[in-house]
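The values are calculated or read from the model by the stated rules, or taken from the named source; none is laboratory data. Predicted model, so just to flag it, every value in this text is computed and none were measured. Don't worry about glycine lacking a Cβ; one is built from the backbone with ideal geometry, like all the others, and counts go over all protein chains shown.
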């Protein structure tokens, strides 16, 4: 990959910082030729610099740079530009399949006559193992060690594979288990704001930017780093030097004014922002924060807001670099020279914000007075469904009484005994109260607030209700350091908030079992119990299979709900419990003041603890160090008996030239789905049920049920993952009314079976498949398996009302057509029930965003023809689709280069 282009505009300049010389591509110099950019949004300045740096007259052109500048004329553009990030961030759930694909590409390139060692990341890649720890044990001093032991026992095959990758691939680092959540490690250590690289002996400085295989990569936007989540497929292509073309996005400005009121947290702020932006509609857009209120928003709070960009639907939610940024870089232990370079480079580029900076031009603007934010939660199913704290109990109780929660209204107050314990369980009881997830565990203000709530509650004699499973999963070891130093660890431990591990636990579905006996009572009586977690995701079936109502809340509110034990209690007015003095204790009695929180943070969060904790970040625990691998093999020695890592079939029979693409004839519907189908519905990450195709496969391979682990952990095995596609326990296929879970109906037989079994039956018949859906199809995590599994089931097209950005791209990357209904049509207006035969015509003439015809052959013998918008959006995506996918496209390019050499 060429690091530097031809610089037609002659914008290359040098910058001296602390006696060191850096080359860079000057935006002010480019403006002399392209036009004024003083009010170009910060995020688009990053795109512009990227074009200038790589401009070569082919992939990147001066016209691309001009298009970015001309965006200012209308605040939008129909032009597309290529983009290459400075680096790639992986977590292990999504990272393992990415490394599996790279290993498979080495095999395939060898078959095509190339050198497998050419398959290497060409940009720096960091994989953080953070999604594999599960909360099997909690509430005891030994919980973390036991969870770590089980983690290594369960994931030995995966970890051996990653250790091989660490040795085999250049430009690839692995942050071992037990370090922290990838987004927090990124924020606290990996991100540099201004990146540097040596090319032909010269050192170049340019914006740090990042693609991540987790949608919450946007957390680093709080640091001024442009980054967002992509599918593993896109990430792999970017690793291999492939620029990803993107339409120059709309940029929505979000003006902040005022200051947060007393007692309001960053979580309350982000839930408010999420609701506002989701209502506005910002899918596929950049969101950029500005205004005088920025000065009062701490970096950790900015990161919390950036983290939730997938929840409000934006590609990113970015903050410009300013003095707050530099203060955080210093606090978090960054090198002083790098801080100076960041300041001077940003100022030289007109990208450093201060009080004199003019407001950028935006596509549109929203405004929020921070003083109007109130304590809030979100739920019970979606992160954008914010409820002010006083309304949580009333909304839950109303829905329960009306039968809207899946329980008859006359059983709303039902309570049943739990075998072996001296308490009963009822609808609305909180059975999980977890401080978890990157969103909040990176933020010392809300973590300290949780500790202070625990301290005050402990002093008054309050304890969590006995049916509540409590857990604390800090985002990094630094969190433990400052909680220890402030003495708050002791208070949290006393309330059952012992640290269970460092990683993404409850938020990703690694919540582990409920307390003994509760799950059986809840499941057998179809009760509606609740979880309260400090995460960013509360989709159906994600947190725990037995928990139907899930609420996002700040860490201190998580502790409060553990004390209350129910979401039917109004925390704003009702007592949490009775203290040791026999008097009722209310939330106001234990809620810390803003001054208390700030004072504790400022006294106990220090630069030294960051430097110490990240001083040897790649070493890992003794279990990691003990793993031995064959470091001499250029290709991976696949173990056919492994149930974790298998060679995927994507390149089987691949030829040097792709076969011609063709229209789809005679397709059947595999599923007809409603609005807001998430990637959790399509490709669940949580537990694997014994009575499921994936569970049956594992059982056939002599895996005990207690060792099934999760779908997320088994993403390196396509046999498990394709069986888990559309297997979410809450998904509803409209083809089979009255059912819940991944089932489908086969036509013309009418047989009902798991979706996987029906798909394999159609595959044996040679029958192509389609999926129908509604609005916001594919929202949620940047999960490449939602596209891979769809492809492996034999689906040729997904036809919906609207797509989430990442999933649409991933479908194209796997050679599946993403198609959208036009002119207000939908599965409902067309009367689609799933018994139709479908033709998709015009594929042979594929071009970006073209119109295609769909012919519907109904069961009664009639036909209907309508038009669809093909969401293959760019010329590059057309080439990916023609090659059968983006990886095949890159691989064929490598093979051709090898032959030419």
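Looking at the structure I just gave you, is residue 383 outside the structural domain of residue 566 (by TED's automatic domain parsing) and either in contact with a strand residue (DSSP E or B) (Cβ under 9 Å, 6 or more places away or on another chain) or within 28 Å of residue 274 (Cβ to Cβ) (or both)?
For residue 383, the condition - outside the structural domain of residue 566 (by TED's automatic domain parsing) and either in contact with a strand residue (DSSP E or B) (Cβ under 9 Å, 6 or more places away or on another chain) or within 28 Å of residue 274 (Cβ to Cβ) (or both) - is met.
How many residues does the range 712-730 contain that are touching a residue at least 60 places away in the same chain (Cβ under 8 Å) and surrounded by 24 or more Cβ atoms within 10 Å (Cβ to Cβ)?
13
Taking residue 862, is it modelled with pLDDT of 90 or more, surrounded by 14 or more Cβ atoms within 10 Å (Cβ to Cβ) and over 21 Å from residue 111 (Cα atoms)?
When the stated conditions are applied, residue 862 does not pass them.
Which one of these is surrounded by 18 or more Cβ atoms within 10 Å (Cβ to Cβ) and in contact (Cβ under 8 Å) with a residue 12 or more places away in the chain: 857, 807?
Every option except 807 fails the conditions.
If you go through the range 499-540 one residue at a time, how many are closer than 27 Å to residue 442 by Cβ and in contact with a helix residue (DSSP H, G or I) (Cβ under 6 Å, 6 or more places away or on another chain)?
10
Suppose we filter 900, 875, 895 for residues that are at pLDDT below 95, out of contact with any strand residue (DSSP E or B) (no Cβ under 6 Å at 6 or more places or on another chain) and crowded, with 16+ Cβ neighbours inside 10 Å; which single one remains?
None of the other options fit; the residue is 895.
Quick check on residue 597: is it within 31 Å of the chain's Cα centre (by Cα), closer than 30 Å to residue 397 by Cα, in the same structural domain as residue 476 (by TED's automatic domain parsing) and surrounded by 21 or more Cβ atoms within 10 Å (Cβ to Cβ)?
In short, no.
Report, by residue number, each residue of the range 629-656 that is over 31 Å from the mean Cα position of the chain (by Cα) and farther than 17 Å from residue 116 by Cβ.
653, 655
Determine if the range 449-462 includes at least one residue that is at pLDDT below 95, under 23 Å from residue 556 (Cα atoms) and part of a helix (DSSP H, G or I).
Within the range 449-462, none of the residues are at pLDDT below 95, under 23 Å from residue 556 (Cα atoms) and part of a helix (DSSP H, G or I).
Can you tell me which of (1) surrounded by 24 or more Cβ atoms within 10 Å (Cβ to Cβ); (2) at pLDDT 95 or above is the one residue 801 doesn't meet?
Condition not satisfied by residue 801: (1).
Across the range 700-711, which residue is surrounded by the most Cβ atoms within 10 Å (Cβ to Cβ) among those that are in contact (Cβ under 8 Å) with a residue 24 or more places away in the chain and on the phi < 0 side of the Ramachandran plot?
Per the criteria, the residue is 711.
Among the residues of the range 10-42, which ones are surrounded by fewer than 23 Cβ atoms within 10 Å (Cβ to Cβ) and touching a strand residue (DSSP E or B) at 6+ places or on another chain (Cβ under 7 Å)?
Those that are surrounded by fewer than 23 Cβ atoms within 10 Å (Cβ to Cβ) and touching a strand residue (DSSP E or B) at 6+ places or on another chain (Cβ under 7 Å): 11, 12, 13, 14, 15, 21, 22, 23, 26, 29.
Which of (1) touching a strand residue (DSSP E or B) at 6+ places or on another chain (Cβ under 8 Å); (2) buried (at least 24 other Cβ atoms within 10 Å of the Cβ); (3) more than 17 Å from residue 138 (Cα to Cα); (4) modelled with pLDDT of 95 or more does residue 556 not meet, given it meets every other one?
Status for residue 556: all satisfied but (1).
Only residues that are closer than 23 Å to residue 556 by Cβ and crowded, with 20+ Cβ neighbours inside 10 Å: list them for the range 602-618, please.
The answer is 605, 609.
Could you check, for the range 481-498, whether at least one of its residues is more than 24 Å from the chain's Cα centre (by Cα), farther than 26 Å from residue 603 by Cα, at pLDDT 95 or above and not in a strand (DSSP E or B)?
no
Kindly indicate whether residue 139 is within 20 Å of residue 619 (Cβ to Cβ) and surrounded by fewer than 24 Cβ atoms within 10 Å (Cβ to Cβ).
When the stated conditions are applied, residue 139 does not pass them.
Tally up the residues in the range 532-544 that are surrounded by fewer than 24 Cβ atoms within 10 Å (Cβ to Cβ) and in contact with a strand residue (DSSP E or B) (Cβ under 6 Å, 6 or more places away or on another chain), please.
Of the residues in the range 532-544, 1 are surrounded by fewer than 24 Cβ atoms within 10 Å (Cβ to Cβ) and in contact with a strand residue (DSSP E or B) (Cβ under 6 Å, 6 or more places away or on another chain).
Would you mind listing the strands (runs of 3 or more DSSP E) fully within the range 190-232 where at least 2 residues are in contact with a helix residue (DSSP H, G or I) (Cβ under 9 Å, 6 or more places away or on another chain) and crowded, with 22+ Cβ neighbours inside 10 Å?
Those strands (runs of 3 or more DSSP E) span 202-207, 209-212, 226-229.
Every residue in the range 486-511 that is surrounded by fewer than 23 Cβ atoms within 10 Å (Cβ to Cβ) and touching a residue at least 40 places away in the same chain (Cβ under 8 Å), please.
486, 491, 493, 494, 496, 498, 499
Can you name the residue in the range 860-877 that is assigned to a strand (DSSP E or B) and free of Cβ contacts under 8 Å to residues at least 24 places away in the same chain and is also nearest to residue 772 (Cα to Cα) among such residues?
Top of the filtered list is 865.
Do the conditions hold for residue 371, that is, is it over 27 Å from residue 780 (Cβ atoms), without any contact (Cβ under 8 Å) to a residue 12 or more places away in the chain and out of contact with any helix residue (DSSP H, G or I) (no Cβ under 8 Å at 6 or more places or on another chain)?
No: the conditions fail for residue 371.
Looking only at residues that are more than 22 Å from residue 41 (Cβ to Cβ) and within 20 Å of the chain's Cα centre (by Cα) in the range 239-277, which one is modelled with the lowest pLDDT?
Among those residues, the one meeting the criterion is 239.
Does residue 380 qualify as being more than 17 Å from residue 428 (Cα to Cα) and touching a residue at least 60 places away in the same chain (Cβ under 8 Å)?
no
Does residue 697 satisfy being outside the structural domain of residue 808 (by TED's automatic domain parsing), farther than 25 Å from residue 839 by Cα and surrounded by fewer than 24 Cβ atoms within 10 Å (Cβ to Cβ)?
Yes.
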